[in-house]
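All remarks here apply to the structure that follows.
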Amino acid sequence: MESDSLFTQANKVIPGGVNSPVRAFKGLGIDPIFIDRGQGSRIVDTQGQSYLDFCLSWGALITGHAHPEIINAVSAALLKGTSFGAPTILETQMATLVCDLVPSIEKVRFVSSGTEAVMTALRLARGFTRRQKIIKFDGCYHGHSDAMLAEAGSGVADLPLSSSQGVSECVTADTLSLPYNDIGAFESLIAQSADQVAAVIMEPVPANMGLVVPHEGYLARIRELTQYYGIILIFDEVITGFRLGLGGAQEYFGVYPDLTCLGKIIGGGFPVGAVGGRSDIMCQLAPLGPVYQAGTLSGNPIAMTAGLSTLRYLATHSHIYKDLESRVTQFADAWRKSSPLTITSLGSMFTIFNTSQAVNNFSDAKKQDFALFKKRFLEYVNKGMYTPPSMFETSFISTEHTYEDLRQLLG
Ligand code: PLP
């Protein structure tokens, strides 16, 4: 056991050695890097090797690793106890802040992951409209609940099939998936089936097929049609929430959904998700209404403390969003001058696609050269840079990353 690698040891007791598939470095020719600690823009592995981190816990850490304000707040909260399963003031403070910051959220409920937030939003939409069908978009990822595992992005994009085994066909029969950025496809599906559609769920800026930027007017047209037909529009802002700005993608583009799913940044590195939106829809949730949802650790005081201190930090340093965007834009411009490979960027997010073609949807993203991705990923690792270990993911920077850090990616 002692002489086995950490990954071999992990594989003996954990399927695939990991607790989430994309961490396994599958097909990349090296074992996953086991992380010991992180500080600011860097992580350090168990061998003491330091890496500039452009993955940042899949976008969760906008203030970088071990931010002192979050660590201090969490350390103090721990001394008061870790979980009560009863209301705390923290939950109301956090909900008030989220309602203040995210334009379309009038009421919010906290859960423990983005997956749970999406499950709840879909159940709410079905309960509210009494319709069954859900429209999603190819290559968008909305967590691992059954209904969302059709034509999904992120780790599902690496599966040989377009969906997961173990999902009942009658569950995905109500999930309709369309190409992103194709307004004609959306309009014709709506023309046929609007009266059966409970919800349209989308990442307003898809970040799980690599980063894809919405075409001008695309989100607004979807909003217009969903509103007209009484279809609940759900923005899954698990990645974009508090990342594109305090008000997420909805504020960035000025298009407001009925329900919003949040995750990642909202937990400050702890497991928090949230679903929020129109009061009349949110009030369908138990105990007020007939749509059931619950969670033992929902609104956990340690997680709420980490989330609150993160959101308060962002709200009092809101200039960071322009700073981060200008760093990434400068980098993307420099990349375009030095490499034929396509780069997309928005705010503090970017993806270098392993193709020289434009990427506007999942089928474009799938045309990448995996061998080239693998070569580039391993070169970055050797130079002390940790980029997402899949070509269908987005890179992030934090407030702790400088332009010099980004420049290292240029080689
Ligand atoms: N929605 C989006 C847009 C995501 O990117 C993710 C995770 O990456 C999820 C939902 C699921 O969140 P979680 O992994 O917290 O369940």
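The values are calculated or read from the model by the stated rules, or taken from the named source; none is laboratory data. These numbers were taken from a predicted model, which means no experiment stands behind them. Every residue, glycine as well, gets a Cβ built from its backbone with ideal geometry; the counts of neighbours run over all protein chains shown. Note: areas computed on protein heavy atoms with side chains; ligands, DNA, RNA excluded. Shrake-Rupley method; radii C 1.70, N 1.55, O 1.52, S 1.80 Å.
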>> How large is the convex hull of the C-alpha atoms of the range 136-206 per residue, in Å³?
In response: 92 Å³
> In percent, how large is the relative contact order of the range 306-349, given Cα pairs closer than 8 Å and 6 or more residues apart?
Replying inline: 40 percent
> Assigning unit charges at the beta carbon (Lys, Arg +1; Asp, Glu -1) and nothing else, what dipole magnitude in debye, to the nearest 20, does the range 216-263 show about its Cα centre?
Replying inline: 20 debye
>> For the pair Gln132/Leu78, report the inter-label distance in nm, with labels modelled 7 Å from Cα in the Cβ direction.
In response: 4.9 nm
> What value, in deg cm²/dmol to 500, does the helix sum -39500 (n - 2.57) over DSSP H runs of n ≥ 4 give at 222 nm once divided by the residues of the chain?
Replying inline: -10000 deg cm²/dmol
> What is the Cα convex hull volume of the range 15-59 when expressed per residue in Å³?
Replying inline: 92 Å³
>> Sorted from largest to smallest, which semi-axis lengths in Å does the alpha carbon gyration tensor of the range 250-313 give for its equivalent ellipsoid, taking the root of 5 times each eigenvalue?
In response: 22, 19, 8
>> Given a 1.4 angstrom probe, what's the average accessible area per residue across the chain, in square angstrom?
In response: 43 Å²
> With all pairs of different alpha carbon atoms counted, what Kirkwood hydrodynamic radius in Å does the range 293-376 show?
Replying inline: 16.0 Å
> So what is the relative contact order for the range 1-152, in percent, with contacts set as C-alpha pairs under 8 Å and at least six apart?
Replying inline: 9 percent
> So, with +1 on the Cβ of K and R and -1 on the Cβ of D and E, and no other charges, what is the size of the charge dipole of the chain about its Cα centre, to the nearest 20 debye?
Replying inline: 120 debye
> When the chain is fully extended, how far beyond the present Cα-Cα distance does Gln9 get from Ser57, taking 0.36 nm per residue of separation?
Replying inline: 15.0 nm
> What per residue convex hull volume, in Å³, do the alpha-carbon atoms of the range 53-129 yield?
Replying inline: 148 Å³
>> What does DSSP give for the chain in terms of the percent of beta bridges that are antiparallel, rounded to the nearest 5?
In response: 60 percent
> Counting Lys and Arg as +1 and Asp and Glu as -1, what is the net charge of the other residues whose Cβ lies under 14 Å from the Cβ of Leu244?
Replying inline: -3
>> Students often forget the sequence filter, so: which lysines lie under 26 Å Cα-Cα from Lys107 once same-chain residues fewer than 8 apart are removed?
In response: Lys133, Lys136, Lys264
> Using a probe of 1.4 angstrom, how much of the accessible area of the chain is carbon and sulfur, in percent?
Replying inline: 53 percent
>> Whole percent per 10 Å bin, from 0 to the bin with the longest distance: what is P(r) over all C-alpha pairs of the chain?
In response: 5, 22, 33, 27, 12, 1, 0
> Among Gly210, Val167, Met148, which residue has its Cα positioned farthest towards the positive end of the charge dipole of the range 141-211, with +1 placed on the Cβ of Lys and Arg, -1 on the Cβ of Asp and Glu, and the dipole taken about the Cα centre?
Replying inline: Gly210
> So which DSSP H runs in the chain come out at 20 Å plus along the axis (Cα) with average Kyte-Doolittle of at least 0.5?
Replying inline: 301-316
